[in-house]
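Nothing in this text is a laboratory measurement; each read-out follows from the coordinates by a stated rule. Note that the structure is a prediction, hence the values are computed from the model and not measured. As a convention, Cβ positions derive from the backbone with ideal geometry for all residues, glycine included, and neighbour counts pool all protein chains shown.
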Amino acid sequence: MDTLLAANSLAEYLHTNGVPVVGPLDESTAMIVAAVVHVALVGAWFGLPAGLFIWAERKISARIQDRLGPTRCGGKFGWLQSLADGVKLIQKEDLVPKDADGLMFRLAPYIVVVASFVGYIALPFSDGWAAMTLDVGLFLTLAVLSLEVLGVILAGYSSGSKWALFGAMREGAQMVSYEIPMAICALCPIITAGTLNLNEVALLQSGGAWNWNILHPFNFFAFFVYFTCATASCKRAPFDLAEAESELVAGFLTEYSGFRWSLFFLAEYASMFLVSGLAVVLFLGGWDDGLGIITAIKAAFPDGLGNFIANVIGLKVFLVKSSILVCVQIWVRWTLPRLRIDQVMTTCLKYLIPISCFLFAGTVAYPLVLAKMFGQTSIIGAPAGERLVQPGVARKTTSLESNGISPAGVQVSSASAERSQP
Amino acid sequence: MSTAEFILFWLFAALTCGGAIAVCVSQNVVRMAFSLVLTLGSTAVLFLLLGADFVGATQLLVYVGGTLVLIVFGVMLTATGPFTRIKSSAADGILSGLIGVIFLFIVASTVTSVRWVDTDEEQGVASKVAFGTHAKTVEGGFNPVQQGNTTRQLGLSFLSIRPDRDLNLGVTRASTEEPKLSVGYLLPFEIVSVHLLVVLVGAAYLARTKRRTKS
């Protein structure tokens, strides 16, 4: 193995190569150590954006409303405000209403948190830097994201309050319906790439901004539809009518206080980053810097320290891109008015679903039409299949390929490109 | 199977069974639904432990994310009081016990009728017990776990390439001869998809608001 790809390969690495002092570990120990390392890394990143983006949200919303926002806590810009908020929230009393179903009421926040935490399993932060590089990556992430609604419904139902129940019903209806166009739009770049493996999807876009999926005409619109649906699935304004203060007090959060309340928000900010990260991997080139610098470094140093440095730069690029998308979500929240519930459902069922279906069909037909008319499967950049076999871009061939069969989508695109050239 | 996997298997197997028992024992509908989450979610983890991550993810998406949400919605919409309780009579218990025993018999006879030794040695799709460290690393490539275990093979099967049969034919890129490949699952898949579509349209037709003709 040239790189430590995933939890499994870290476990494998510890098992075969061993750690410097102790020597090779046995299988179970290696697996546990690898799991702990990954959980610690992902867990740290799970907690970090919440603090960071809550501060950003306070500052950005303040600036939009011509205020200053937090200024004192932690020095000049109030950057310790989130920490102070956290300390305050933990100190608060953990209330359970008398009419509530106590067990369910206490459990619900954890379901929401676990759902958005597990979503990070397959998200690659840089080339191969994912907890698990799975071939079902996107599928698993979407599946896990759909579990969040369960926690919300349970929270609303078990609170024993009408506000909470109304909020949960709205939220449930909204999240379940917005899942559909979101999944369909997320499939558009998957069709272009020919793999569900998020790491490979991003690798296929490396080498420069002209290779990014967003320049594909159908994926371009799919990105905006996806991002709208992702905002809705994170319960963010203008789709936050589950917590519409003016009508529903605080929706499904009405009865929650202290730590459990903050768990919901931790999960919300974490899934905001998660859906933004997914958008970056699927549409915006993942960790690619857009100028081909990282690809060039990787081609020059296929192994060792140079490759590692390229990965670190890629990590930073990825984080910056995702953070920009999160900031767009914040910006939208503080500038757009909230929709009514019937408008929310109309937007999804009458507009977004047909649009996403059209985009899906378009993405399928696009390479075929191009190949028939112009003899190549993409206008800008090399066909995906050729990019995959370029040296330095993707050096990992699977065992299936070495047996003469390439992954399905790649085979199709490269075959049609070859056929057209005399 | 390493010790850690062994422990994980038994933990999630116990959770699956515990959740199932809780569904039967509990009388509170919402708690029953949550126990179902536990059962179905743990089943998904068991699939993942087997290396069948596509099936595991599907289990999560269809049953936990889809069906269960539907059940919870149904409970919330049909409930008369705040926390509905279900009380079952003795006849119900006897009847369901009988059905349970029959199902147990079917499952047990199915499990015992398979020769598991053979399936382990075969390069079958589902029989790879490879979650983690036993997976043999292919030179210069992903190990079976990173290949997505079954996903890629399932996908290729839908495109009429059966990796479990066709990979050992000795086909290379250089050979000009058209290799004899097995028949895939594209047609059955399409037929099932169209059936599902028909069911969806039918459901939408049945559920739509009936317009009354003005007389």
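Quick rundown of the values:
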| read-out | value |
| --- | --- |
| A:58, A:340 arranged by Cβ crowding within 10 Å, fewest neighbours leading | A:340, A:58 |
| Per-residue average of Cβ from other chains inside 10 Å of B:56-68 | 5 |
| Cα-based equivalent ellipsoid, the range A:96-397: semi-axes from gyration tensor eigenvalues, Å | 38, 22, 15 |
| Within the range A:138-286: Cβ-based charge dipole about Cα centre, in debye rounded to nearest 20 (Lys, Arg +1; Asp, Glu -1) | 100 |
| Dipole of the range A:60-137, positive direction: furthest Cα of A:119, A:95, A:69, with charges on the beta-carbon | A:69 |
| Cut-off under 5 Å, modelled amide H: who pairs with residue A:128 long-range | none |
| Karplus-derived HN-Hα couplings along the range A:30-45 (A = 6.51, B = -1.76, C = 1.60, θ = phi - 60°), whole Hz, x at Gly and Pro | 4, 5, 5, 4, 4, 4, 4, 4, 5, 5, 5, 5, 5, x, 4, 6 |
| Cα-derived Rg over Rh, computed across the range A:184-224 with Rh taken as Kirkwood radius | 0.93 |
| Under 5 Å, built H, 5+ apart or other chain: amide partners of residue A:208 | A:290, A:292 |
| 3J(HN,Hα) from dihedral phi, the range A:251-266, Karplus parametrisation 6.51/-1.76/1.60, rounded to Hz, x for glycine, proline | x, 5, 8, 3, 8, 8, 8, x, 5, 5, 4, 6, 4, 4, 6, 4 |
| Cut-off 12 Å between beta-carbons: net charge of the residues surrounding residue A:233, Lys and Arg +1, Asp and Glu -1 | -3 |
| Lys, Arg +1 and Asp, Glu -1 on Cβ, resulting dipole of the range A:67-153 about Cα centre, debye, nearest 20 | 560 |
| Pair-distance profile P(r), taking every C-alpha pair of the range B:1-64, with 10 angstrom steps and integer % | 25, 46, 25, 5 |
| Cα-based shape type of the range B:19-101, given that a ≥ b ≥ c are square roots of the gyration tensor eigenvalues and the cut on a/c is 1.5 | oblate |
| Whole-Hz couplings from phi, Karplus 6.51/-1.76/1.60, listed for the range A:309-326; x for Gly and Pro | 4, 4, 5, 5, 4, x, 4, 5, 4, 4, 5, 5, 4, 5, 5, 4, 5, 4 |
| Amide proton proximity set for residue A:196, modelled H, under 5 Å, gap of 5+ | none |
| P(r) of the range A:164-307 over all Cα-Cα pairs, binned every 5 Å from zero, in whole percent | 2, 10, 15, 17, 14, 11, 10, 8, 6, 4, 2, 1 |
